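The values are calculated or read from the model by the stated rules, or taken from the named source; none is laboratory data. What you see is a predicted model, and the numbers here were worked out from it, not measured in a lab. Neighbour counts run over all protein chains shown; Cβ positions are idealised from the backbone, glycine included. Ligands, DNA and RNA are excluded from the accessible area calculation, which covers all protein heavy atoms including side chains. Shrake-Rupley method; radii C 1.70, N 1.55, O 1.52, S 1.80 Å.
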Amino acid sequence: TLFRSVLAIERRVLGPEHAETLMMMSNLALDLTREGQYAEAEKLFAETLAIERRVLGAEHPQTLQSLQWEAGVLSRDGRYGDAQVLFREAIQTARKANQPGVLVNTLYNFACAAARTGHREEAFANLGQAIDHGFASAGAMAADNDLKPLRGDPRFEALVVKARQREALTARTP
C-alpha cells in the first residue's frame with residue numbers, strides 16, 4: 001500500500017519517466033513478486049522496462065536489471081520459456097555493453113530460475129558461467145533456496161568450491 005501511494009505521488013510530481021519513479025515501480029513490482037502476485041508484478045515490470053528502454057537505453061544497467069527481474073517473475077509464474085528469452089537477452093546485452101557486474105548477476109539469477117523450475121543442466125551451466133565471470137559469494141550460493149534442487153549433486157559442490165576459491169582470490173587482490 002505504501003509503495004502504491006508513493007508511486008502515485010512520484011508519477012504526479014516527478015513524472016512517469018523520472019529515475020525515482022522508475023525505481024519505485026521496480027520496488028513495487030518486486031514486492032508484488034514476493035507476495036506471489038505475479039501477473040501484476042509482470043505487468044509493472046513490463047511497463048517499467050518499456051520506459052527504461054526508451055529513456056535510458058537498452059544497455060543501461062538499470063534497464064538490464066529490470067529485464068532480469070521481469071524474467072524472474074515470469075519463471076516464478078510458470079512461464080520459464082518466456083523467462084529464458086529475457087534472461088538470454090539480458091546476458092547478450094550485458095556482454096555487448098561490457099557490463100560485467102550485470103552479466104554475473106543475470107547469469108546467477110538465470111541459474112536460480114532454471115534450478116527452481118527443474119532445468120538442472122541449464123542451472124549448472126549458468127551458475128558455472130557466473131562463477132567464471134566473477135561471482136564469488138560461495139556462502140550465499142550454498143544457502144540460496146532457489147538452488148536447493150542442485151544440492152547433493154557433486155557438480156554443485158564443485159561449483160561452491162570454485163566460488164570459494166574465487167572469493168579467496170578476490171579477498172587477496174587489492
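Key figures for this structure:
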quantity: Globularity ratio of the range 79-174, using Cα Rg and 2.2 N^0.38 Å; calculated: 1.05
quantity: 0 to 90° range, to nearest 10: angle between helix 61-76 axis and the chain longest Cα axis; calculated: 80 degrees
quantity: P(r) of the chain over all Cα-Cα pairs, binned every 10 Å from zero, in whole percent; calculated: 11, 35, 33, 17, 4, 0
quantity: The range 1-91 - Kirkwood radius from inverse mean 1/r over Cα pairs (Å); calculated: 13.0 Å
quantity: Solvent-accessible area, 1.4 Å probe, carbon plus sulfur percent, for the range 1-157; calculated: 53 percent
quantity: Loop trypsin sites (Lys or Arg not before Pro), the range 84-174 (other Cβ atoms within 10 Å of the site Cβ: 15 or fewer; DSSP); calculated: Arg151
quantity: Karplus-derived 3J(HN,Hα), 6.51/-1.76/1.60, for each residue of the range 82-97, Hz, glycine and proline x; calculated: 5, 5, 4, 4, 5, 4, 5, 4, 5, 5, 4, 5, 4, 5, 4, 8
quantity: Straight-distance crosslink candidates among aspartates and glutamates, where the alpha carbon sits under 12 Å from Lys162 and sequence neighbours closer than 8 are dropped; calculated: Asp132
